[in-house]
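**Student:** I'd like to ask you about the structure that follows.
Values in this text are rule-based calculations from the coordinates and carry no lab data. Remember, predicted model here, so these are calculated numbers, not experimental data. Heads up, the Cβs are rebuilt from the backbone with ideal geometry, glycines too, and the neighbour counts pull from every protein chain shown.
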Amino acid sequence: MGHLPRPRRPRRPLRQPGPPPPRHRAHRPGPPPHPRTGRHDDIADLFCNRADHSMAVEGVAAARADYEQAAALARQAGSATYLAAALRGLGDIALLEGRPDEAERHYTDALARFDPHAMRSVGNRARTLVGLGRIAHLRGDLPAALEFHRRAAETAVSMGAFPEPARPLEALAGVAFAEGDAAAAAVLLGAAVTLRGTPTPPGTETSALTGHVRQALGGRSYECAYARGLAMSRARALLQAGVSEQVITASPLYTLFGESL
């Protein structure tokens, strides 16, 4: 009995003649799909998150488009929380571009919309208060700036939103420097690093302030003052910013610090 012939493997189809398929140009991907497709508030949240990232990586133009899209979607959804987050971002851009009056309108509108008890609002509300504090600083109203920055720190601490309090500490360092106390500014800059857990990134407003403080104090004096802030516990760093002991000890994360005041 002869052997059966082996079945032939099917040949690959030949590519049709013609030009090769065009390469797709690189593009910014849209927000990732969300399991609850169609929920405008969820998509608005994704746009806000991407815009926050874009501010540090891609620049203002990309962030502005995303914040505006987030605001439009949040309005369609009737979501005050996500609209407030988008307005906070647009306020940041206006302040960065030298339009403090426009920034103040965005921040004030945002602040009126945040739910103070919603965890999603805490970081954005704290950033809004820091923005208002920076505007007060620009206008020369340092007492108002101090109050806004301390409120921002207390807002973040009260809900356990770490490392968000690092922002108001950096802003308070700017106020201290404006008041002529470069040593206190250096201590606050070190304390902010304690709260954030990472060094100040280059190319930021805080890194520029650091250079001015170092120049005012001299290298050795700056390093000593900065080291005092860096050596603080997180609880002590918050006290340095004017956050009350009562707020600190009532914070959800205080027991996780394993620190004493």
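**Student:** Taking Rh as the Kirkwood radius, which is the inverse of the mean 1/r over Cα pairs, what is the Rg/Rh value for segment 142-260? Show your work: numbers first, answer last.
**Tutor:** Working: Rg = 13.5 Å, Rh = 14.0 Å.
Reported Rg/Rh, Kirkwood definition of Rh: 0.96.
**Student:** If you don't mind, there's one more thing I want to ask. Around Ala85, with a cut-off of 15 angstrom between Cβ atoms, what is the net charge of the other residues, counting Lys and Arg +1 and Asp and Glu -1? If you can, show how the numbers build up before the last one.
**Tutor:** Values: positive: Arg50, Arg64, Arg75, Arg88, Arg113, Arg120, Arg125, Arg127; negative: Asp41, Asp42, Asp45, Asp52, Asp66, Glu68, Asp92, Asp109, Asp115, Glu164.
Around Ala85, the surrounding residues sum to -2.
**Student:** With every atom except the alpha carbons ignored, what do you get for Rg and Dmax of segment 38-113, in angstroms?
**Tutor:** Cα radius of gyration and Dmax of segment 38-113 are 11.5, 36 Å respectively.
**Student:** Okay, next question. Within a 10 angstrom radius of the beta carbon, how do His149, His40, His117 rank from fewest other beta carbons to most? All intermediate terms of the calculation are to be shown ahead of the outcome.
**Tutor:** Details: His149 30, His40 17, His117 8.
Listing His149, His40, His117 from fewest to most nearby Cβ atoms yields His117, His40, His149.
**Student:** Among Cys48, Cys224, what is the fewest-to-most ranking by other Cβ atoms within 10 Å? Could the numbers behind the result be given before it?
**Tutor:** Details: Cys48 27, Cys224 13.
Ranked by crowding around the Cβ, least crowded first: Cys224, Cys48.
**Student:** Here's another thing I want to ask about it. Between Arg75 and Arg99, what is the label-point separation in nm under the 7 Å Cα-to-beta-carbon projection?
**Tutor:** 1.5
**Student:** Ala56 label point, 7 Å along Cα→Cβ, cut-off 11 Å on backbone N: hits in segment 164-192?
**Tutor:** Within reach of a label on Ala56, which here means backbone N under 11 Å from a point 7 Å along Cα→Cβ, segment 164-192 contributes nothing.
**Student:** Further question: Ranked by Cβ crowding within 10 angstrom, fewest neighbours first, how are Glu104, Glu170 ordered? Please report the intermediate quantities before stating the final value.
**Tutor:** Values: Glu104 18, Glu170 26.
Ranking Glu104, Glu170 by Cβ neighbours within 10 Å, fewest first, gives Glu104, Glu170.
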